[in-house]
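Data block below; observations after.
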Amino acid sequence: GQGLKFLKLKKDLCQWKIIKGKKMNKRNVKKKFAQSFQGNFGKNDSDSKEGNVPYAILKAARHSGQLNLSGRSLTSVPDRVYRINIDVPDEAKSTSMADTDERWWDQVDLRKLILASNQLSEISGEIKNLPALNVLDIHDNVIEKLPEEIGELKELSKLHLSHNKLSCFPNSFCNLVALKSLLLSGNVIEKLPEDIGYLVNVEELDLAQNKLTGLPESIGNMKCLKKLNLTKNQITDLPVTFEYLTGLRDLDLSSNKLTTLPSGFGKLTSLEIVECRYNLISSISKFTESANIKQLFLGYNRLRELPEDIFGDFPQLVSLDLRDNSISKLPESLLELKMLERIDLTNNNISGLPYVLGHMKLKALTLDGNPMRGIRRDIIARGTQAILEYLRSRMPIPEPKEEIVESPKKSETVADNNSTNESQIKPARFDGESKVQSSDASKQNHPKEPSKAVVDQYLIATTKVLTHNNGSSNIPESVWLPGAKISNINFSKNTLSEFPSEIMQYKESLSEINISHNRITALPALIGDLSKLTFIDLSNNMLQALPEEIKVLPHLLQIVLSFNRFTTMPKPMFEMKSLQTILMANNQLSDIDVDGLLQLKTVQTLDLSNNNIARIPPQLGNVEWLKSLNLDGNSFRSPRPQILMKGTQFILGYLRDRIPT
């Protein structure tokens, strides 16, 4: 500041002393000293600033062609900004090469103007005086409309107007034919100009978080469009011309009101990323020509089934999200996805998986919230590789060809296979065993089948699974089997208001509890006595806290607390030193307890989706041992959805880079 100016003035005085022995007109010496003094201190308050814009910044912008006035609390743009290349300052008019640092031949046209994060309510029509503008960034203001003159900026290639209050556009807007990047997210736009298709050079168009219900037909003319973001609007369908956007690579249609993906969707031959989560989609057509899709997100929709051969169209697919639908069966074409690494099937109606799925090279397979009968819960809790290994182990061993023609040997082989695997598969297939028993009984001409209670007790004793899912408000006494070594209890889908205390009789053997979809408001302190517990599903209840005693569970690996009423992450959870998975989606969390998570060195999976989290602390990036992090459906603005889509490790790195030093 002032100190540097004094140093410069001192330097000028020294130079004056050096030349004082030479012949020099006294008047010129005084004039040079006056110019030096004025250059450093001579600007009075009215000249040195124009609004909140220091003169020095304007001076530098004439040389660089860039002017950054972001975050200066401006309520209007100073006139001098609009006339920066018209009103040449007096000192720049000098032809002397010694008198000033600023000369008319050093001036360049302003090409980049940043006015972001101010309080601007309008942009003057004087913007036309900056015809060389290439970049105009006015995001994060309160602008309600644009001047008609903005259409005269013929060289503008990037226009950033996100997070304003724009609702409409001037007629000249579609004259900005040089635009390549148009960012309009976070406004109140209800309708795009009918001639938006004239912007044929646009490669990136961001219209997220507006009030659009549809798109104009002319959008099909934007053949250069590569990235289109329409998330969080009210779009119900797409125009038929949408299929002409053959250059489109990245499409985000999440959080709209789409009910289907039209057949023309499959003609978008360049598509690589398709984001359609949080819609009302109940059916999709084949993507016949979209062979380049690498990421497909269809979670949080209303899909009940998928076209049988749909996945044959996606040879490059790496990531597939089908979570929170009502899918009961996976099409066989899924096995054709040789590049697939991640598939999310959370919260569907899938009861079993084809064994051949075990040969896929998956890195992440999520099955939580499905009525799985063929895979035990403890296997699912151990993660993807354990599931795939289990599926591979259940594949039948091919029989030698020479033995196939000999029926006695064939029968002998099947019998041997059955006896070998019987003890291993009973827990996963007791429904099938029940049918076999009924069939055997009929073959022996028994007039009556065994009573249900007798059959259930036999199954309980052999499978060590206690199940009651009849919508009951309490568990009948007939369900309990005193003295049995129960390892798995499933009391989900009842109307229990309290945690059944009778469970404690199995505390020495119990490893899994599923008591989801009830009305439980609190857990008893006795839960701390379940020392063998590895898995507990408490989702879809009315819990707001966990008892302190739960922290002593030494072997708990997975806790499911989704769809409850938690407003903060429960403190006792952070003292469970074996915990690997925390699922707290669809609660009312407002923040993330990073300090608590840093205590959990074993946690690998964290799902905090669909809460009220307004800010993601950068320190979350220090929880480097996380392998799966889900933050979707919260209110925070940063990290952006594009960052979240890149996966857990990228998100953690992004957050670490933003930790203040």
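The values are calculated or read from the model by the stated rules, or taken from the named source; none is laboratory data. A quick note: this is a predicted structure, and the numbers were derived from the prediction, not measured. All Cβ positions, even for glycine, are placed from backbone atoms using ideal geometry, and neighbour counts span all protein chains on display.
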Pick from the stretch 115-148, criterion buried (at least 19 other Cβ atoms within 10 Å of the Cβ) and free of Cβ contacts under 8 Å to residues at least 24 places away in the same chain, ranking: nearest to S162 (Cα to Cα): I143
Set L179, L146, L133, L166: member being aliphatic (A, V, I, L, M), modelled with pLDDT of 95 or more, under 15 Å from Y198 (Cα atoms) and part of a loop (DSSP other than H, G, I, E, B): L179
Any hit, the stretch 581-596, residues being among the hydrophobic types (A, V, I, L, M, F, W, C), surrounded by fewer than 22 Cβ atoms within 10 Å (Cβ to Cβ) and more than 21 Å from N634 (Cα to Cα): no
Of residues in the stretch 369-391 being part of a loop (DSSP other than H, G, I, E, B) and modelled with pLDDT of 85 or more, the one surrounded by the fewest Cβ atoms within 10 Å (Cβ to Cβ): P371
Residues (buried (at least 19 other Cβ atoms within 10 Å of the Cβ) and under 17 Å from R377 (Cβ atoms)) located in the stretch 475-498: I486, S487, N488, I489, F491, S492
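Would you tally the residues in the stretch 248-264 being over 20 Å from A208 (Cα atoms) and within 24 Å of the chain's Cα centre (by Cα)? Give the steps one after another, and end with the answer.
First, pick out the residues of the stretch 248-264 that are over 20 Å from A208 (Cα atoms): 262-264.
Then drop every residue that is not within 24 Å of the chain's Cα centre (by Cα), which leaves none.
Residues flagged as over 20 Å from A208 (Cα atoms) and within 24 Å of the chain's Cα centre (by Cα) within the stretch 248-264 amount to 0.
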Qualifying residue in the stretch 535-543 (condition: over 26 Å from the mean Cα position of the chain (by Cα), surrounded by fewer than 22 Cβ atoms within 10 Å (Cβ to Cβ) and touching a residue at least 60 places away in the same chain (Cβ under 8 Å)): yes
Residue under evaluation F636, criteria (1) surrounded by fewer than 17 Cβ atoms within 10 Å (Cβ to Cβ); (2) in a helix (DSSP H, G or I), criterion not met: (2)
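For (1) at pLDDT 90 or above; (2) of a type in the set (V, I, T); (3) under 39 Å from the mean Cα position of the chain (by Cα), each residue gets a yes or a no:
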residue	(1), (2), (3)
K485	no, no, no
I489	yes, yes, yes
K493	yes, no, yes
S501	yes, no, no
L510	yes, no, yes
I513	yes, yes, yes
N518	yes, no, yes
T521	yes, yes, yes
D529	yes, no, yes
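Is one or more of the residues making up the stretch 610-619 over 29 Å from G186 (Cα atoms) and modelled with pLDDT of 90 or more?
First, the residues of the stretch 610-619 that are over 29 Å from G186 (Cα atoms): none.
Checking the stretch 610-619: not a single residue is over 29 Å from G186 (Cα atoms) and modelled with pLDDT of 90 or more.
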Residue in the stretch 595-610 that is out of contact with any Lys or Arg (no Cβ under 9 Å at 6 or more places or on another chain), polar (S, T, N, Q) and part of a loop (DSSP other than H, G, I, E, B) present: yes
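To keep it simple, each residue is scored yes or no on (1) modelled with pLDDT of 90 or more; (2) over 28 Å from K227 (Cα atoms); (3) buried (at least 16 other Cβ atoms within 10 Å of the Cβ).
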position: R277; (1), (2), (3): yes, no, yes
position: S328; (1), (2), (3): yes, yes, no
position: L345; (1), (2), (3): yes, no, yes
position: Y355; (1), (2), (3): no, yes, no
position: K361; (1), (2), (3): no, yes, no
Residue pairs meeting the criteria (Cβ under 9 Å; at least 6 apart or on separate chains; first closer than 11 Å to L248 by Cα, in the stretch 216-235; second assigned to a loop (DSSP other than H, G, I, E, B) and of a type in the set (V, I, T)): M222/V200; M222/V202; K223/V200; K223/T246; C224/V200; C224/V202; L225/V202
Single unsatisfied condition, I196 versus (1) crowded, with 16+ Cβ neighbours inside 10 Å; (2) touching a helix residue (DSSP H, G or I) at 6+ places or on another chain (Cβ under 7 Å); (3) more than 23 Å from I123 (Cα to Cα): (3)
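Could you please find all residues in the stretch 277-295 being without any contact (Cβ under 8 Å) to a residue 60 or more places away in the chain and in contact with a Phe, Trp or Tyr (Cβ under 6 Å, 6 or more places away or on another chain)? So that I can check it myself, show each step before the final result.
The initial filter retains those residues of the stretch 277-295 that are without any contact (Cβ under 8 Å) to a residue 60 or more places away in the chain, namely 279-294.
Scanning the stretch 277-295 gives a single hit, I293.
Filter the stretch 487-544 down to the residues that are touching a strand residue (DSSP E or B) at 6+ places or on another chain (Cβ under 8 Å) and among the aromatic types (F, W, Y) and list them by number.
Of the residues in the stretch 487-544, the ones touching a strand residue (DSSP E or B) at 6+ places or on another chain (Cβ under 8 Å) are 487-492, 503, 506, 510-516, 530, 533-539.
If the condition is that a residue be touching a strand residue (DSSP E or B) at 6+ places or on another chain (Cβ under 8 Å) and among the aromatic types (F, W, Y), then F491, Y506, F535 are the ones that fit.
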Single residue of L303, L317, L322, L298 found to be within 22 Å of S263 (Cα to Cα), at pLDDT 90 or above and surrounded by fewer than 21 Cβ atoms within 10 Å (Cβ to Cβ): L303
